[in-house]
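Remarks on the structure that follows.
The values are calculated or read from the model by the stated rules, or taken from the named source; none is laboratory data. Just so it is clear, the structure is predicted and the values come from calculations on it, not from any experiment. Quick reminder, even Gly has a Cβ in these numbers, built from the backbone with ideal geometry, and neighbours come from all protein chains shown. Keep in mind that these areas ignore ligands, DNA and RNA; they rest on the heavy atoms of the full protein, side chains included. Shrake-Rupley method; radii C 1.70, N 1.55, O 1.52, S 1.80 Å.
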Amino acid sequence: MIRRVGQPPQRNRDYRLRAGAYAILPCQGRILLTAQLAEVTDIQLPGGGIDPGESPLQALHREVMEETGWRIAYARRLGAFRRHAYMPEYDLWAEKLCHIYVAHPTRQIAAPTEPDHETRLLAPEVAVRALGNAGDRMFLSRFLALGR
């Protein structure tokens, strides 16, 4: 069973399953994150939805590149969580199935191409507090507690 984090699903909503792959990216003693800019900035682990025909690892590499401009290597799956959320960019209520990886950012080759995204490099303890959802915070906290 995959742990649910955050708010329980609302009874009067239909949720569509949306699987995604997300990365913890340690970089020079800090954590590489993405900021989705809106009225309220949302700090996130880089990653996103897995497109039809794509493997989770293919999606991870593509999404990290789109949101940060960085190439990654040595991706290793840590686990998964699920959460229920409204996705305004898709006008969709989703049950997000979030596969979490840790990977090594190798080099930044471009600026983020995802609209309204900026790259952030934060100290680990600041990164945990800044993350906008409980699942991302849970996995980053666990990762840091293991001293990896």
Note to self: with every protein chain in place and a 1.4 Å probe, the chain gives an accessible area per residue in Å² of 56 Å²
What's the FRET efficiency of Trp93 with Thr113 using the Cβ-Cβ distance as r and R₀ = 35 Å, to the nearest 0.05?
-> 0.85
Cβ crowding within 10 Å averaged over residues, with 58-65, 102-109 ranked highest first | 58-65, 102-109
State the three equivalent ellipsoid semi-axes of segment 72-128, derived from the C-alpha gyration tensor as the square roots of 5 times its eigenvalues, in descending order and whole Å.
-> 23, 18, 13
How far is helix 134-145 tilted, in degrees, relative to the longest principal axis of the Cα atoms in the chain, given as a value from 0 to 90 rounded to the nearest 10?
-> 30 degrees
Cα-based helix-to-principal-axis angle, 56-68 vs the chain, degrees rounded to 10 = 70 degrees
Report relative contact order for the chain in percent, whole number only (criteria: Cα-Cα under 8 Å, sequence separation at least 6).
-> 33 percent
Hull shadow area, averaged, segment 1-121 [alpha-carbon convex hull, nm²] = 8.2 nm²
Rounded Å value of the spacing that divides the Cα centres of segment 25-67 and segment 69-86 | 7 Å
Taking the chain as a Gaussian network, where each spring joins two C-alpha atoms under 10 Å apart, which residue of Glu89, Glu67, Glu118 fluctuates the most?
-> Glu89
